[in-house]
Amino acid sequence: MKNLNSMNKYFWLVLLSLAAFTRVDAQYSICGSDEYYQQQIKKNPQIEQDRINSDIQTRAVMYGGAASKVSISPDAELLIPVVFHIITTATHPVTTNLSACKDQIRRLNEDYSATNSDTTNIRPIFKSRLGNAHIRFILATKDPQGNPTTGVTKDTSILTYQAGDSVKSVIDWDHNFYLNVWVVSNINSSSLPKGSTIAGYAVFPWDGVRRGKSDGVVIDHNFVGYTTDRTLTHEIGHILGLYHTFQGGCTIGDEIDDTPPVTAANLSKCNSWPTSDTTINTCHNDVPDLPDMLENIMDYASCKVMFTKEQVVRMRLYLTTNRVSLFYYNTVAGIANEASLNTAAISVFPNPTTENFTVEANGISAGKTVHIKCYDMMGRLHLDQAVVASSEGDFTQQIDGSQIIPGVYKIVLYEGNEMKAVKSLVKE
C-alpha cells in the first residue's frame, strides 16, 4: 500500500501495531519486531530519523525514478550465509539441532525463490503479484577465525529463558558477514496481553553502525525447521527492510504499492483455505478495492505463502545497500558471490602480484572521489586509497601493495559512496 511520508508516520504506525496486539489471545504467537523497534528509538531517537530518510530514499528508487546506488540484475542470485546460535540450559532445554537448521534453510530458500509448493493456494487476483527474490541462504561453512563450521553453534546460558537482547552477548559472529539467528527457549513477552507469545523478532536495516552486536534474529526454538508458520521467513523480511502489511493501517502504509491496505494484523486460521476467509477486506481506500492479502508472509494469517514483486524490489535494495557486506566479498563465511556485481567494470593486474598492482575501471565520472579498498578473507580492511578521477570514463591507478602480506584479497571499488565493483586479488 502507498505511504504518507511524514515525520509523524511512525507514531501512528506504532499505535496501529499496538492495536493489532490487543487482538491476540493465547492461541496466537506474534512477531516482536515492532515492539523491539519502539524500545530502540526510546534509547536513541536518531534511529527514527534514519528510518524516515531511508524510506524516502528507497521510495525514490522504487517509484520516483532515482538510480540505485548498486546496479545488479534483478535475476542475479544473492547468497546470504546464516549461523544458528542454539542457546540452551538443563532447565530450559532447546532441542533444535543441525537437521532442523538444514530444514529451516530449505524453507527459506523455497520462500525466497517462490518455489514453495503452496503458492498454488494464492488466489487468482494475487497470482500476478507473486515475487521471486532470487535470494539463497546457506549455512556458513567458515567461522570468524576461518575454521570449518556446520553453521550451527551451541552454548549454555540461562539467558535463553525469557530471552531478550542480552542473549546476544553469549555469542555473536560479525553481522557484516553473517546473518546471526539466536535460537532460544522462549522470548520475553511481558509487555503483551496475557497469554500472548513472541515467536521471534529482528533488527531493521536502517540502524547503521549502531546495529553492531545486536543485529540479527532472535527466534523461539519451537518455530525453527520446515514449518508452515514461516516465522524466520517473516523475520528476515524485516532484516531486509519490510514492514508488516498492516503497518500503518488503511491510510499510512507499508511503503509497498502492490500490497493492499490492511487495517490490523490478520489472525485468520485460514480454515479450508483457499475456500474460506476470501472475503476479508478491512480497508476500502485502494483502487481497485481488493481483499486483504492473507497470503502475504508479512502478515500473521496461517495461509501466508508469498512476497509480492515490489516487496522483492525493496528487499534487494536493502540487501545491496545497507546490508551489502552480507553477499559481496563474503568468502569469510565460505561463499564468494562477486559475480553478482559488475566485475567486468574493474581489472586488477598483475594478478597474482608480488608487490604493486594496477586497478583499471570504466564508467567513472570526472571529479568523483574513487576509493580502492582491499579486504582480506576475514573482512578486515588492509588498504583504503582515495583518488579524485581527473577525467571522464576510464580510470587507472597504481597501488602500492608492499605492505600487504601474501594471501587472497578482495579489491572493492567505490565511486563516492556508490560501490561499483569487486575483484579478487592474490598476493604472492
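The values are calculated or read from the model by the stated rules, or taken from the named source; none is laboratory data. On a predicted model such as this, the values are computed, not experimentally measured, just so you know. Note that each Cβ is placed from the backbone with ideal geometry, even for glycine, and that neighbours are counted across all protein chains shown. Ligands, DNA and RNA are stripped out before the accessible areas are found, and what is left, the full protein with its side chains, is counted by its heavy atoms. Shrake-Rupley method; radii C 1.70, N 1.55, O 1.52, S 1.80 Å.
Before moving on, here are some points about what is shown:
- For the peptides 88-101, 132-145, 312-325, the ranking by mean Cβ contacts within 10 Å, running from highest to lowest, is 312-325, 132-145, 88-101.
- Inter-site label distance for TYR226 and SER190 at 7 Å from Cα along Cβ, in nm: 3.9 nm
- Of the cross-linked pairs LYS127/LYS309; LYS102/LYS142; LYS43/LYS168; LYS168/LYS410; LYS368/LYS427, those separated by over 20 Å at the C-alpha level are LYS168/LYS410; LYS368/LYS427.
- Legend: residues GLU415, GLU110, sorted from most to least accessible area (1.4 Å probe; ligands, DNA and RNA excluded), read GLU110, GLU415.
- Label-zone membership for the range 399-413, site SER390, 7 angstrom Cα→C-beta point, backbone N under 16 Å: 399
- Three-way shape call for the range 99-156 based on the alpha-carbon gyration tensor, with the a/c threshold at 1.5: prolate
- Highest average packing first - 240-249, 360-369, Cβ atoms within 10 Å: 240-249, 360-369
- Sorting 392-399, 288-295 by average packing, meaning the other beta carbons within 10 Å per residue, from highest down gives 288-295, 392-399.
- Modelled FRET efficiency - R0 30 Å, ASN121 with GLN145, Cβ distances, 0.05 increments: 0.10
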